[in-house]
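Just so it is clear, none of the values below were taken in a lab; they were calculated from the coordinates. Note that the coordinates shown come from a computational prediction; the quantities given were computed from them, not determined experimentally. Cβ sites come from the backbone with ideal geometry, for glycine too, and all protein chains shown count toward neighbours.
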Amino acid sequence: MARNPEKQARVEAMLGELAELGLRLARELARQAEAAEDPADTERLVGAFNKTSRAVRLTLALDAKLERDAARLDREETEFADRRDQAARAARHLAPDAPPTPAERHQTRVRNLLNRLIWNESEGDAEEYEILGDDLDARLHEAAQGDGFADTPVELIAQRVASDMGLSGELVLTLPAGRAAPGPALVDTG
């Protein structure tokens, strides 16, 4: 979404001016209400003060909301650009038909193993699931850079990553026929 910085600055200036005018008016109404001798005038001035002060609060709240929205949009644009750049870098480093490396196969198995835990942690919220998935991918990418990553058992990597991410639940790892799992039974759902 293209933003217009000049328009945004103008809107912010207008909101600031409205807040200042409203504040001055509210002060004047408060002064008049305090000085009023007729109860009907006092009631009318207090009502006007309440409406004016509410308008000032709403103006300030709108300004704060616009700032939060702009900051969120900046973060989203930065995250999108980062993901696009990562994907482009990954595409340049992989031949289209190249078989996956042992480390890539390991990453896929760990990702598949943790996928159910991430889904449970996100409680079905697609956005939260995506955020956790991106976090997992970043952690796996970093872990894969370490020595011996492809030689470390998948279940051990998955347990470490799940612990680091604060994921709860049981890991389920299926093993090839004839191979016994070390420690408690784990099943790979991928």
So, R0 is 22 Å and r is the distance between the beta-carbons of Asp137 and Ala71; what FRET efficiency does that work out to, to 0.05?
0.35
Just one of (i) 199; (ii) 134; (iii) 123 is volume of the Cα convex hull per residue in Å³ as worked out from the coordinates here. Which one is it?
(i)
Report, to the nearest 10°, how far helix 39-93 tilts away from the longest principal axis of the Cα atoms in the chain, using its own Cα long axis and a range of 0 to 90°.
20 degrees
Against the longest principal axis of the chain, how steep is helix 5-35, in degrees 0 to 90 to the nearest 10, with axes from Cα atoms?
40 degrees
Those GluC sites (Glu not before Pro) from the stretch 1-86 that are DSSP loop and have at most 10 other Cβ neighbours within 10 Å turn out to be Glu37
Specify the residue with the greatest mean-square fluctuation among Ala48, Ala87, Ala70, computed from a Gaussian network of the chain linking alpha-carbon atoms under 10 Å apart.
Ala48
Stretchable slack from Thr152 to Leu21, in nm (0.36 nm times residue separation minus alpha-carbon distance):
40.5 nm
Whole-Hz ³J(HN,Hα) for each residue in the stretch 140-154, computed from phi via Karplus 6.51 cos²θ - 1.76 cosθ + 1.60 with θ = phi - 60°, x for glycine and proline: what do you get?
5, 4, 5, 5, 5, 6, x, 5, x, 4, 5, 8, 7, x, 3
Points 7 angstrom from Cα along the Cβ direction at Asp38 and Ser163: gap in nanometres?
7.8 nm
Using 0.36 nm per residue, how much length does the chain from Gln8 to Gln145 gain when fully extended, once their Cα-Cα distance is taken away?
45.0 nm
Mean-square fluctuation maximum in Gaussian network of the chain, Cα pairs under 10 Å, restricted to Pro102, Pro39, Pro153, hits Pro39
